Amino acid sequence: MDDAGSYSLMLHGGAGAYADSKDADGAAYLDSIRAVLEQGRALLEAGGAALETVEACAVLLEDNPLFNAGRGSVLNAAGRVEMDAAIMDGRNLAAGAVAAVDGIANPVSLARRVLDGGEHVLLVAEGAMQFADDCGIPRVGNDYFYTSARLEQFRRLQQSGSGRGPGGEGASNQEGGTIGAVARDLEGNLAAATSSGGIINKRVGRVGDSPLIGAGIYADNETCAVSATGFGEDFMRTVLARIIADFILMQGMDASRATAAGIEYLVRKVNGRGGAIVIDNHGNCASGFSTRKMVHGWIEHGARAFCRF
């Protein structure tokens with residue numbers, strides 16, 4: 001299809017062991033992704049920029065407690081929320097990211113303020129929180145994040161003693177994961193956003209791949225926009241988002257081939273668990289994952305929306 005004057009949008013809500021799409025819980029994930037896709041479509045059809053669209057879509061997903069980002073973030077070993085987020089503009093490689101922040105309803109919007117400031121790319125912990133104060137971004141109380149589902153999940157894990165990481169509930173078996181958005185607008189510009197509460201029961205101060213440019217996120221008009229999800233350490237070790245972009249840049253692959261090659265590399269090198277959504281510079285959409293499922297949806301070249309696990 002001719003990509004001139006068309007837009008594309010992809011969203012994900014994490015990779016893991018989700019409920020079946022025929023179950024009520026599984027349907028809720030798909031319905032949520034579909035609703036946000038249509039709101040993103042309205043922005044892009046009206047001439048909205050890819051950067052604004054991925055931020056807006058990420059905010060909507062952060063506000064939904066189903067997903068492990070923003071309000072629905074999982075709790076760390078201290079029973080608190082620590083969130084990571086990043087956003088990137090494919091026009092000029094401008095990027096902003098925050099890590100280990102709490103009390104911020106929409107970490108992706110704080111990351112956007114870092115991008116707009118242009119001075120730094122990544123701010124963490126108290127430094128990021130002070131920046132939020134300087135920007136006038138209000139803080140929210142802990143009760144905003146302590147949803148009944150997350151408290152019960154945390155108590156269950158603590159009682160079971162199953163721990164964190166590769167063998168724990170917080171890894172690839174977790175339902176409700178990292179959220180992400182990638183878009184190509186009518187001008188042909190690409191952008192990506194990723195936001196995450198990380199791994200349940202993680203060590204205090206642990207930072208995953210979501211705020212790391214080239215690992216959990218990447219956008220370059222010359223190649224593609226990528227948002228990754230899964231066990232973050234695997235993506236950090238492989239710099240997977242940039243690997244996918246390099247398959248396009250160096251080997252001339254399209255989104256589908258580059259994504260498949262990237263997931264094969266992830267598994268071959270570190271037996272990595274997770275997935276990615278990708279839109280290439282022609283607006284072609286692709287997804288790939290090594291976990292049982294990855295909830296995601298897409299609008300390719302302005303066509304109707306599709307959602308699946």
- Task: Please compute the Cα-Cα pair-distance distribution of the range 1-155 with 10 Å bins starting at 0, giving whole percents from short to long.
- Result: 10, 35, 35, 17, 3, 0
- Query: Taking springs between alpha-carbon atoms closer than 10 angstrom, which of 137, 213, 299 fluctuates most in the Gaussian network model of the chain?
  - Reply: 137
- Return the label of the correct value of volume of the Cα convex hull per residue in Å³, as calculated from the structure shown, out of [x] 127; [y] 150; [z] 113. [z]
- Summing -39500 (n - 2.57) over every DSSP H run of at least 4 residues in the chain and dividing by its residue count gives a helix-only mean residue ellipticity at 222 nm, to the nearest 500 deg cm²/dmol, of -11000 deg cm²/dmol
- Note on the structure: With +1 on the Cβ of every Lys and Arg and -1 on the Cβ of every Asp and Glu, the dipole magnitude of the range 53-153 about its Cα centre, in debye rounded to the nearest 20, is 160
- What is the order of 285, 307, 135, 224, fewest Cβ neighbours within 10 Å to most? 135, 307, 285, 224
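Roughly how many debye, to the nearest 20, is the charge dipole of the range 8-308 about its Cα centre, given +1 on each Lys and Arg Cβ, -1 on each Asp and Glu Cβ, and no other charges? Intermediate values should be presented prior to the final figure.
Details: 27 positive and 35 negative charges, 201 e Å.
So the magnitude is around 960 debye.
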- What percent antiparallel are the DSSP beta bridges of the range 8-308, to the nearest 5? 90
- Message: Within 13 Å, Cβ to Cβ, of residue 34, how many net charges do the neighbouring residues add up to if Lys/Arg are +1 and Asp/Glu are -1?
- Response: +1
- Item | GNM flexibility winner over the chain from 124, 207, 140 (Cα, springs under 10 Å) | 140
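Tell me, in nm to one decimal, what length is gained between residue 38 and residue 237 on full extension, where the rule is 0.36 nm per residue of separation less the Cα-Cα distance? Don't jump to the answer; show the numbers that get you there.
Working: separation 199, 0.36 × 199 = 71.64 nm, distance 3.45 nm.
Stretched out fully, the residue 38 to residue 237 stretch lengthens by 68.2 nm.
Every number in this text was worked out from the coordinates using simple rules, so none of it is lab data. In this text the structure is predicted, and so the values were computed from the model without any measurement. Here Cβ is always computed from backbone atoms with ideal geometry, including for glycine, and neighbour counts include all displayed protein chains.
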